[in-house]
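Following: one structure in structure tokens, then a few remarks.
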Amino acid sequence: MRQQETQVLDALDRNLISILRKDGRAPVAKLALILDVSRGTIQNRLDRLLSSGAILGFTIRAHHEAEQDVIRAIMMIEVAGKSTSQVIQKLSGIPELTHLHTTNGGWDLIANIQTTTLTEFDRVLSVVRMTPGVINSETSILLRSIGHV
């Protein structure tokens, strides 16, 4: 995993990222037209955002019905003392953890987990629980999405 450089994103970077969140496959020419800059500017920005780690990759968003065999869960994680950054670094290397959040309250971190089998799910739980610095966790499998309320 590459180290994210400390960088300040300007308005063009933020607008570019916003457009890519909606359409990660938008061609450079279309992005340039929407943002009213040259294709070279867009390509340079994309290269910089990718190399710095500000953009981690491009993906699709599938309709939930297209992914019926996916097991999704949230895992609340308690971390020992001041080891949160080390735990985050270790957990960031687990591909089945699709998102990792810091939080307040009784738990230090919340992880979104996505696997395709219960065996794989069990393995991920074990890996997280055996991570040095993790002292407690609680996991809930997401059964059905209600949608936006």
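The values are calculated or read from the model by the stated rules, or taken from the named source; none is laboratory data. Computed from a predicted model, the values in this text were never measured in an experiment. Here Cβ is always computed from backbone atoms with ideal geometry, including for glycine, and neighbour counts include all displayed protein chains.
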Which one is farthest from G81 (Cα to Cα), of the residues in segment 106-131 that are at pLDDT below 95 and surrounded by fewer than 10 Cβ atoms within 10 Å (Cβ to Cβ)?
T119
Tally of residues being touching a strand residue (DSSP E or B) at 6+ places or on another chain (Cβ under 8 Å) and either at pLDDT 90 or above or over 18 Å from S126 (Cβ atoms) (or both) across segment 66-96:
15
Sort out which residues of segment 84-105 are surrounded by 17 or more Cβ atoms within 10 Å (Cβ to Cβ) and more than 24 Å from L56 (Cβ to Cβ), and write them in order of number.
none
I need the full set of residues from segment 118-149 which are of a type in the set (V, I, T) and more than 24 Å from F58 (Cα to Cα), in order please.
T119, V127, V128, T131, V134, I135, T139, I141, I146, V149
Restricting segment 8-65 to residues that are in a loop (DSSP other than H, G, I, E, B) and among the hydroxyl-bearing types (S, T, Y), which is modelled with the lowest pLDDT?
T59
